[in-house]
Amino acid sequence: MWFLVVGIFACSASLNDAQYLLGLAEGEVCSDRSEGQWICTAHKQCTHVDLKVMRPTICSFKGKLPIICCPPKKKMSKAEMSCLRYIAEIPCPIKISIPGVHIAVVGGKESKSKTQRHMALIGYGPKNNIDWRCGGSLVSELWVLSAAHCTNTADSGPAAWARLGELDHSTNNDDARPQDQRIVQRINHPQYKEPLKYHDIALYKLESRVLFDQYVAPICLHTAFDIDEPKGTVVGWGRTDFADDVSSRLMEVDITLIDNPECRRLYGSNDPTAPRGIERLTMLCAGEKEGGKDACIGDSGGPMVINQPGSCLKKQVGITSFGRDCGLPNSPGIYTRVSSYVGWIESIVWP
């Protein structure tokens, strides 16, 4: 691969045209832009640039080796820095193998203890009669990420409670260690306008800082637009079938990501609450052509996650937002694309 790269540069330079060479030495500034100075650097040292994607400008040659105009390293976002801190400071839970897999959810399975430590149940009503209706994800010691359409209900008022570290809220014999927190502040994205389904994202502030342990830990946020995985895992306490009651047990299911043109074709354009159709920049689409796997009622606000290599913490790519009938063929679910809202999240969670 190294010889191929050098060969491409050498071929470009052999044209003997002044526009292909800047005539600058290694270490000199070759461009000054808003994101910082670009520096003439040996191509093997410009490791943060994908040379197969970005064809760089050549400053000069050092022998036969090209010196390229190398951009500055992208400044790490607050979300990325927080993720690295979480990975370094929060230990992974001790794994205990439990035989048997319990199949449920729309094509999914029950989550194992301590594997989805970021999950939050969102509840409504008084403390002595909480109605758990939505999901969310813990993104810091004080903030839970959810869907804006979960913020208020017509019959039970605003989201009032968050339960962390839960597995099955119908029993105390589920190897869980729940922490209940009062929600003291609810912030919908400023562009969310009910009943429209666009910008369906919200942050809920907890009354006190969460204690991270073997059962509770934050999730990392996916900050890149592209997702280099064919599937995402949807997690929640939703229905296991469109006609069933919501599940008391935390469930998860792997669902295939669908590109935007195909999603727009499948979902159509006759939904008055999504008059612009499924927007690529702010929404994700996932489902199975043959059906059988999907998020469902009660999963709203919960995360779509992918694994993070080298870490037991998950990375969130989406928020369960809306869909049609659960798990039917050619009926994808729609998720808020988290990467498009990282700046807004950071301005509140890590100001």
Consider Leu203 carefully, then state whether it is buried (at least 19 other Cβ atoms within 10 Å of the Cβ), within 30 Å of Gly277 (Cα to Cα) and touching a residue at least 40 places away in the same chain (Cβ under 8 Å). yes
Of Gly123, Gly135, Gly157, the only residue that is surrounded by fewer than 18 Cβ atoms within 10 Å (Cβ to Cβ) and small (Gly, Ala, Ser) is Gly157
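Considering only the range 325-336, I want to know if a residue exists there that is modelled with pLDDT of 95 or more and buried (at least 20 other Cβ atoms within 10 Å of the Cβ).
Within the range 325-336, one or more residues are modelled with pLDDT of 95 or more and buried (at least 20 other Cβ atoms within 10 Å of the Cβ).
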Anything in the range 39-70 that is part of a loop (DSSP other than H, G, I, E, B) and either within 15 Å of Leu22 (Cβ to Cβ) or among the hydrophobic types (A, V, I, L, M, F, W, C) (or both)? List them, or say none. Cys46, Val49, Leu51, Val53, Met54, Arg55, Pro56, Thr57
Of the residues in the range 133-162, those that are part of a loop (DSSP other than H, G, I, E, B) and either free of Cβ contacts under 8 Å to residues at least 12 places away in the same chain or farther than 17 Å from Ile219 by Cα (or both) number 6
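The values are calculated or read from the model by the stated rules, or taken from the named source; none is laboratory data. Predicted model, so just to flag it, every value in this text is computed and none were measured. All Cβ positions, glycine included, derive from the backbone under ideal geometry; neighbour counts span all protein chains shown.
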